[in-house]
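Below: one structure, written as structure tokens.
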Amino acid sequence: MASVTSLTDSVQQHLASALTATRPEAAGADPLLRRSDRADYQANGILALAKKAKANPRELAAEVVAHVTTGELLADVEVSGPGFLNLTIADRAITANLAARYADDTGRLGVPHAGNPGTTVIDYAQPNVAKEMHVGHLRSAVIGDAVVRLLEFTGETVVRRHHIGDWGTQFGMLIQYLEEHPHELDHKAGQVSGEEAMSNLDRLYKAARRLFDADEEFKTRSRRRVVDLQAGDPHTLAVWQKFVDESKIYFFSVFEKLDMEVRDPDIVGESGYNDMLAETCRLLEESGVAVRSEGALCVFFEDVKGPDGKPVPLIVQKSDGGYGYAATDLSAIRDRVFALKADTLLYVVDARQSLHFKMVFETARRAGWLDGVTATQLAFGTVLGMDGKPFKTREGETVKLEDLLDEAVQRATSVVREKAGKVGLSEAEIEENGRYVGVGAVKYADLSTSAVRDYKFDLDQMVSLNGDTSVYLQYAYARVQSILRKAGEARPVPHPELELAAAERALGLHLDQFGETVLEVAAAYEPHKLAAYLYQLASLLTTFYDQCPVLKADTAERTENRLFLVDLTARTLHQGMALLGIRTPERL
Ligand code: ARG
């Protein structure tokens, strides 16, 4: 058993044939179906059709109704308002559809793959070497991870690229300092924690900076180091590698805390494109896409001007011959399109870099590197503190990502602990759940608002049991597991012959929309819409509990059918949360 046709699709098809049967000129017309409060679905497409056919819309609607067969799928159809159709799905069709999803042994709950999958190279989770990760890096990692999971679920081939900042002039100073103080990073890999690694780097950075600012000769030696580095001098590269390795220990520890898989071969930082930079510039200059201006190699744009009205170019090569961020990104495009065969390039990067990407994409397009390729920046907004200003510590420093995660886990653990007695959780389970709830809270807060919007980092709200939080969803899942455990002999079994209560129908119709939601969310890179779907699912489940006893239902069949409904709801919650990168503990 594999993918299941959704009720929406079935109704859509049914209506489309009724339209064709009514009037030949209506063939192919969109019935404009949507979920509705009045009935299960409302179709609004007849209005436009009537206008085109110069017919009375209510009369036309009545004609269409005459061609709709009620029975298996539709229990009722009627004309309403100026010429809408109100459609009610048969209870039997709802249960049978859900039963097919439940029976899907591929674990996909009947969700089909996307129509024409391709290859997406996604650039996300890109911290900088020898620097602390900040909340912006958190956003890129969390959103990127969810998008990877969503795309892979739809059947897309996904290549991950962590474009870390591991190149540039600041490394001259660092390398030179380590060169002159050779034992400062001596330790065996694996023997140092992420936190220690970061504090080593921080100490080195500060010491190097101090020397650089105070000592002219050190400055000169540092500048020479940059040249050696860019020329690929083996010894200089070996010292540089030490910084990269030390940073990776730190990065991996943060990603692990985030409960997120980042694989070493997918880390291809700015340095990875070093060999391509000269060629990239040559191609741009030869094709005339880039021109020399005051010694620098520049690309100009009609619509990009500074405050003084003068055009602001994208600088591909500086007048001193050095290459910057743009040259690296343009080379990465060539690699991703021509070597990795991407047909979609996706960049999960702060909205403050939008101008950069606009210019980079436009340049690549002019150079002919993006023919048949879609390049998109999934831009995200700023994380704000409670004061509505960019998130900083009281001392005005950027907040350390680990501290933030640790605090979220701490708060979550106390929330879990409060309820742990009732469920009988061991200390180890409390701690494990605390981690999943805490990290889930941070991820969910990030994923549940549209990415481009700024959001307030409010830990109290994030771990609240009420409202649109991951904890609420996690509890909804765990509550179902608890009912299934308490059910004893009674098992979840669908019974399509049973009439459904209003709350059951509402829950069932929403469950049916999971597949469509996931496909839409993946295609538009909008995880917040999946979060909204899941929150509504949990809310419908809460209403269902209020109105429909499960274990104490009037008949054994009804108990079985309700167990089946809640079990499918739990599986859908689990699957949906997993796509967001959030765990659902079994007992909470
Ligand atoms: N390392 C950069 C930063 O911390 C983000 C890199 C984004 N990706 C890219 N291809 N430019 O801001």
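All of the numbers you see were taken from the coordinates with simple rules; none came from a lab. Since the model is a prediction, treat every value here as computed from it, not as a measurement. Cβ placement follows ideal geometry from the backbone for every residue including glycine, while neighbour counts extend to all protein chains displayed.
Structure above, values below:
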{"quantity": "Estimated FRET transfer efficiency when R0 is 56 angstrom, pair residue 338-residue 465 (beta carbons, to 0.05)", "calculated": "0.65"}
{"quantity": "Cα centroid of the range 206-227 to Cα centroid of the range 105-134, whole Å", "calculated": "40 Å"}
{"quantity": "14 Å beta-carbon shell around residue 588, net charge (K/R +1, D/E -1)", "calculated": "+3"}
{"quantity": "Binned Cα-Cα distance frequencies in the range 401-579 - 5 Å width, integer %", "calculated": "1, 8, 16, 18, 18, 15, 12, 7, 3, 1, 0"}
{"quantity": "Value of relative contact order over the range 128-210, rounded to a whole percent, pairs C-alpha under 8 Å and six or more apart", "calculated": "46 percent"}
{"quantity": "Nonlocal amide H pairs with residue 128, under 5 Å, H built at 1.01 Å", "calculated": "165"}
{"quantity": "Segment residue 499-residue 308, length gained on full extension (0.36 nm per residue, minus Cα span)", "calculated": "61.7 nm"}
{"quantity": "Backbone N within the range 125-142 under 18 Å of label point (7 Å from residue 403 Cα along the Cβ vector)", "calculated": "131-139"}
{"quantity": "Distance between modelled label sites at residue 278 and residue 241, nm, 7 Å Cα→Cβ extension", "calculated": "2.2 nm"}
{"quantity": "Paramagnetic reach from residue 149 (point 7 Å along Cα→Cβ, amide N under 13 Å) across the range 420-451", "calculated": "436-437, 439-448"}
{"quantity": "Length-normalised contact order of the range 7-89 in % [C-alpha pairs under 8 Å, at least 6 apart]", "calculated": "28 percent"}
{"quantity": "Cα gyration tensor, the chain - rounded (a/c under 1.5), prolate or oblate", "calculated": "oblate"}
{"quantity": "The chain: relative contact order as a whole-number percent, Cα under 8 Å and 6+ apart", "calculated": "14 percent"}
{"quantity": "Backbone HN-Hα couplings from phi across the range 490-496 [Karplus 6.51/-1.76/1.60, Hz, Gly and Pro as x]", "calculated": "5, 10, x, 9, x, 10, x"}
{"quantity": "Estimated inter-spin distance, residue 37 and residue 452, nm [label 7 Å along Cα→Cβ]", "calculated": "2.9 nm"}
{"quantity": "Local electrostatic count, residue 340, Cβ distance below 12 Å [Lys/Arg +1, Asp/Glu -1]", "calculated": "+1"}
{"quantity": "Considering only the chain, percent of DSSP beta bridges that pair antiparallel, nearest 5", "calculated": "50 percent"}
{"quantity": "Folded to 0 to 90 degrees: helix 527-547 orientation relative to the chain principal axis, Cα", "calculated": "40 degrees"}
{"quantity": "Set 305/358; 257/389; 131/242 screened for pairs whose C-alpha atoms are more than 19 Å apart", "calculated": "257/389"}
{"quantity": "Lysines whose Cα lies under 21 Å from that of residue 529, excluding same-chain neighbours fewer than 8 positions away", "calculated": "443, 456"}
{"quantity": "Gain on full stretching of the segment that runs from residue 59 to residue 387 - 0.36 nm per residue minus C-alpha separation", "calculated": "112.2 nm"}
{"quantity": "Extension gain (nm, one decimal) between residue 5 and residue 395, 0.36 nm per residue minus Cα-Cα", "calculated": "134.8 nm"}
{"quantity": "C-alpha long axis of helix 502-512 to longest principal axis of the chain, angle in °", "calculated": "50 degrees"}
{"quantity": "In degrees, nearest ten, helix 194-214 long axis to first principal axis of the chain (Cα)", "calculated": "40 degrees"}
{"quantity": "Normalised convex hull volume, the range 7-89, alpha-carbon set, Å³ per residue", "calculated": "73 Å³"}
{"quantity": "Cβ-derived FRET efficiency at R0 51 Å, residue 532 paired with residue 486, nearest 0.05", "calculated": "0.95"}
{"quantity": "Least to most buried among 183, 67 (fewest other Cβ within 10 Å first)", "calculated": "183, 67"}
{"quantity": "Cβ-derived FRET efficiency at R0 51 Å, residue 188 paired with residue 119, nearest 0.05", "calculated": "0.85"}
{"quantity": "Inter-centroid distance (Cα atoms) of the range 364-406 relative to the range 425-475, Å", "calculated": "20 Å"}
{"quantity": "Inter-centroid distance (Cα atoms) of the range 522-588 relative to the range 47-76, Å", "calculated": "35 Å"}
{"quantity": "Using θ = phi - 60° and Karplus 6.51 cos²θ - 1.76 cosθ + 1.60, couplings along the range 465-475 (whole Hz; Gly, Pro as x)", "calculated": "7, 10, x, 7, 10, 5, 4, 4, 5, 5, 5"}
{"quantity": "Cβ-based exposure ranking for 328, 5, 559, in which fewest neighbours within 10 Å come first", "calculated": "5, 559, 328"}
{"quantity": "Residues 482, 448, 319, sorted so that the one with the fewest Cβ neighbours within 10 Å comes first", "calculated": "319, 482, 448"}
